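So the structure is just underneath, and the comments pick up after that.
Read the figures in this text as sums done on the coordinates, not as results from a lab. Predicted model, so just to flag it, every value in this text is computed and none were measured. As a convention, Cβ positions derive from the backbone with ideal geometry for all residues, glycine included, and neighbour counts pool all protein chains shown.
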Amino acid sequence: MRQAGRYMPEYRQLRKKYSFLELCHTPQIAEEVTHLPIKILGVDVAILFSDILVVPEALGMQLHFDEGKGPIIDNPVSSEKEIPNPTGCQERLSFVFEAITRLKKSLEVPLIGFAGAPFTLASYMIEGGSSKEFKKTKEWMSKSPETFKKLIEVLTSATISYLEGQQEAGIDAFQLFDSWANSLSYDQFEEFCVPSYQKIVEKSKVPTILFCKEASSFVSGLMKAKPQGISFDEKADMKSLRKKLPQTALQGNLDPEILYQPLKTIEESVKRLLDDMRGDPGFIVNLGHGIKPNMSVEAVKTFVESVKGYS
Ligand code: CP3
């Protein structure tokens with residue numbers, strides 16, 4: 001949830017010297033950035049500093065991040081013949097595995113590895129960047145579902161070899177981000193997302209958490225993949241989800257917007273969430289979505305400290 005990112009002065013300092021992709025591509029700097037939230041916030045677990053889009057990049061997408069515009073891909077995929085070949089993709093991601101190997105030596109807390117889920121990656125590869133309506137993606141999906149599934153399958157096998165490389169390097173848990181699956185109908189979700197989760201979770205040897213925005217609308221599909229955990233955004237009612245899902249770790253779901261509120265309000269909101277989930281050993285406290293660049297470090301620290309100080 002961007003626990004390392006632009007809201008931190010130490011991160012902004014590094015960004016003066018290096019582009020975002022340089023940070024991701026250089027193992028010792030990715031290692032250094034991964035450590036920042038552990039030192040500054042005192043969180044219990046590190047998440048690898050990287051991005052979901054390094055996988056499309058390893059598949060030949062020309063990726064860059066432009067100030068204020070987010071990710072851009074200069075050679076988007078628009079037809080079956082442009083679907084990349086996943087061969088060699090794992091080797092091109094070795095900088096990530098090297099960062100993990102280094103982190104496992106230097107960290108004193110567990111490390112979460114991650115990847116983007118095939119549908120979300122496909123949406124960036126087809127749209128050429130971030131999108132609101134996913135017009136081209138949905139057009140391809142409805143005009144030619146079989147070739148769309150070919151793209152999903154290529155991304156599924158690339159994600160599995162990426163996961164395997166991360167596992168060998170020593171990650172303790174794995175999170176799969178399907179951020180934009182919420183743009184789909186439930187039927188489309190079952191058809192185009194769930195089979196990829198099943199294949200990926202089946203190959204995972206470490207606890208695996210699935211994330212998509214509005215996950216509470218997609219619970220029955222998510223559960224078909226038998227993940228160890230599901231991550232929920234702020235729209236979810238965690239207490240009633242716990243009744244529905246007695247055996248699954250639940251991660252979430254403080255509204256990130258609360259971090260704009262006075263520190264007292266943050267403390268009260270954390271208390272309310274923890275009261276709701278009191279005594280639940282399978283609850284992982286997190287934000288519902290990412291920390292924004294203009295949020296204050298003090299607010300994020302207050303969130304972490306209120307969780308740790310709860311009794
Ligand atoms: O600390 C962490 O959470 C780990 C690192 C991490 C980043 N991205 C760093 C990042 C993780 C887990 C991600 C995942 C990611 N990346 C997702 C899935 C989770 C989600 O947010 O829904 C998605 C959709 C992306 C794609 C992506 N990367 C976008 C849309 C953007 C632009 C967003 C923005 O705020 O400008 C990024 C860039 C990005 N990824 C930054 C960071 C710290 C900001 C880069 C910078 O300008 O320095």
* Hey, Gly5 near the ligand (Cβ under 9 Å from one of its atoms) and either among the polar types (S, T, N, Q) or touching a residue at least 24 places away in the same chain (Cβ under 8 Å) (or both) or not -> yes
Flagged in region 262-302 as of a type in the set (A, V, I, L, M, F, W, C) and within 28 Å of Gly70 (Cα to Cα), in numbering order, are Val285, Leu287, Ile291, Met295, Val297, Ala299, Val300
Boolean, Glu214 is within 15 Å of the ligand (Cβ to nearest atom), within 24 Å of Ile152 (Cβ to Cβ) and of a type in the set (Asp, Glu):
yes
Considering region 291-308, residues that are exposed (fewer than 14 other Cβ atoms within 10 Å of the Cβ) and part of a loop (DSSP other than H, G, I, E, B), and then whichever is farthest from the ligand (Cβ to nearest atom), we arrive at Ser296
Here the residues within region 126-146 that are surrounded by 15 or more Cβ atoms within 10 Å (Cβ to Cβ), away from the ligand (no atom under 12 Å from the Cβ) and part of a helix (DSSP H, G or I) are Ile126, Lys136, Thr137, Lys138, Trp140, Met141
Subset of region 8-25, residues without any contact (Cβ under 8 Å) to a residue 24 or more places away in the chain and among the acidic types (Asp, Glu), comes to Glu22
Quick check: is even one residue across region 184-191 among the acidic types (Asp, Glu) and free of Cβ contacts under 8 Å to residues at least 40 places away in the same chain? yes
Selection from region 180-237 of residues surrounded by 16 or more Cβ atoms within 10 Å (Cβ to Cβ), hydroxyl-bearing (Ser, Thr, Tyr) and assigned to a loop (DSSP other than H, G, I, E, B) yields Ser204
Answer with yes or no whether Pro84 is touching a Leu at 6+ places or on another chain (Cβ under 6 Å) and either touching a residue at least 60 places away in the same chain (Cβ under 8 Å) or part of a loop (DSSP other than H, G, I, E, B) (or both).
yes
In region 301-311, anything touching a residue at least 60 places away in the same chain (Cβ under 8 Å) and farther than 13 Å from Ser269 by Cα is listed as Lys301, Lys308
Filtering region 107-125 for residues that are more than 10 Å from the ligand (Cβ to nearest atom) and part of a helix (DSSP H, G or I) leaves a count of 4
